[in-house]
Amino acid sequence: MSAVTSISAAKTHSGLLAADQGSGESQAGRPLVSLVISVYNEAAILETNLYSLCQYMKSLEDEYHWEIILINDGSTDNTGALAEIFARGKDNVRVFHHVKNFGLGQAFQLAFDHCRGDYIVTLDIDLSYSPDHIQKLLIKIRDTQAKIVVASPYMAGGKTSDVPWLRRTLSIWANRFLSITAKGNVSTLTGMVRAYDAKFLRALNLKSPGMEVNPEIIYKAMLLHAQVEEIPAHLDWHLQKAEGAQRRSSMRVLRHTLAVLVSGFLFRPVMFFITPGLALLLFAFYVNTWMIIHFLDQYRNLPQYTWFFSRASAAVAAAYQQSPHTFIVGGLASMLAIQLMSLGILALQSKSYFEEMFHLGANIYRLSRAKNGDEQE
């Protein structure tokens, strides 16, 4: 990323930069956990919440070593300066800056490239998911050997508190839609608070620049048949209200809705073409049945025509004159049904080709990163 400033000068010695490229068990057998946080204009809550996170992670130091990778995603307030001040003197807190707001996806891509941990945990600085979710995520990913564990407020045992009605409703239905299209057992595909197997995550070639990076990761993990788990979570916005009711959600509703629809199409194109095509085909069958009934009634009422084709032609003309809408609606419905089902078949074929190419590309990308890592060592 050319539009990114480097980490703080106090931390740019060669040993630290070399360590950025690898992960592995830390000393004394304790895994290293990388906390990734992307922030944009969060000066009001940054220091307090970073302090809370650090205090919580210190309570886990018998089990884990840890670091914080903070991405200042082009903030226009003094978020960047406050982050640098907080990181000063802390070897396990590193700050990176985007010169402008690129979006969550690009912030994550930058952070993942600099994480040294065995596990990567992504968080929101507003702590709408309390820090104790970190340990729950890590326990789950270690116990199950999953590649991804998602904190889900929408699964059994999860809950939400003080979330604005519109935000909650959109989020619930977006995740239900994606869950259906993904054909998986994951109920929250848009959630940001997750734990990742770092080696697996770094092997994914991510493209999404914004919030759609979260379902993209799940989608690509499913393509690779990776194990994805969930834990019940509590999404709680009471801290946001306590710190100022004017603080708005960062969700851009229209853009996010469109991103969800696109993600749903990528997960399961059959739902967008073949399913409605079949429904339309059933409707066309019903309408065309009535068209045939009208034709047969008219055919019986025209005994004066002795030649079959003359009688049939006259019956069609009479049936059309009696019920023109039946012919028009039946014909249009049949054509649309055939077109939708044809598009669905083509989409499935393209999806199959994409999955083949993705598997090939993922292997090449993983081998390339491994080779580059070996060369740098």
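The values are calculated or read from the model by the stated rules, or taken from the named source; none is laboratory data. The model shown is predicted, which means the values in this text are computed figures rather than measured ones. No Cβ is skipped: glycine too gets one built from the backbone with ideal geometry, and neighbour counts run over all protein chains shown.
A compact table of results
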read-out	value
Total residues in segment 69-119, condition of a type in the set (A, V, I, L, M, F, W, C) and within 18 Å of residue 194 (Cβ to Cβ)	10
Unmet requirement for residue 172, which otherwise passes all of (1) under 28 Å from residue 64 (Cα atoms); (2) at pLDDT below 90	(1)
Selection from segment 143-181 of residues that are in contact with a Pro (Cβ under 8 Å, 6 or more places away or on another chain) and either aliphatic (A, V, I, L, M) or part of a helix (DSSP H, G or I) (or both)	155, 156, 178
Test for residue 178: is it out of contact with any strand residue (DSSP E or B) (no Cβ under 6 Å at 6 or more places or on another chain) and farther than 27 Å from residue 70 by Cα	yes
Selection status of residue 154, more than 27 Å from residue 71 (Cα to Cα), in the same structural domain as residue 235 (by TED's automatic domain parsing), modelled with pLDDT of 90 or more and crowded, with 17+ Cβ neighbours inside 10 Å	yes
In segment 214-234, residue modelled with the highest pLDDT [restricted to those that are among the acidic types (Asp, Glu) and either assigned to a loop (DSSP other than H, G, I, E, B) or closer than 19 Å to residue 174 by Cβ (or both)]	230
Residue 122 being in a strand (DSSP E or B) and under 19 Å from residue 207 (Cβ atoms)	yes
Test: residue 81 is at pLDDT 95 or above, surrounded by fewer than 21 Cβ atoms within 10 Å (Cβ to Cβ) and in the same structural domain as residue 145 (by TED's automatic domain parsing)	yes
Some residue of segment 73-89 being in contact (Cβ under 8 Å) with a residue 24 or more places away in the chain and among the basic types (Lys, Arg)	yes
Cross-chain or 6+ apart pairs with Cβ under 9 Å, segment 159-180 first and at positive phi, then surrounded by 14 or more Cβ atoms within 10 Å (Cβ to Cβ)	162/236; 162/237; 162/239; 162/240
Residues within segment 9-33 that are touching a helix residue (DSSP H, G or I) at 6+ places or on another chain (Cβ under 7 Å) and modelled with pLDDT of 95 or more, tallied	1
All positions within segment 96-120 that are among the aliphatic types (A, V, I, L, M) and buried (at least 24 other Cβ atoms within 10 Å of the Cβ)	107, 120
Members of segment 305-350 that are touching a residue at least 60 places away in the same chain (Cβ under 8 Å) and aliphatic (A, V, I, L, M)	337, 338, 340, 341, 343, 345, 347, 348
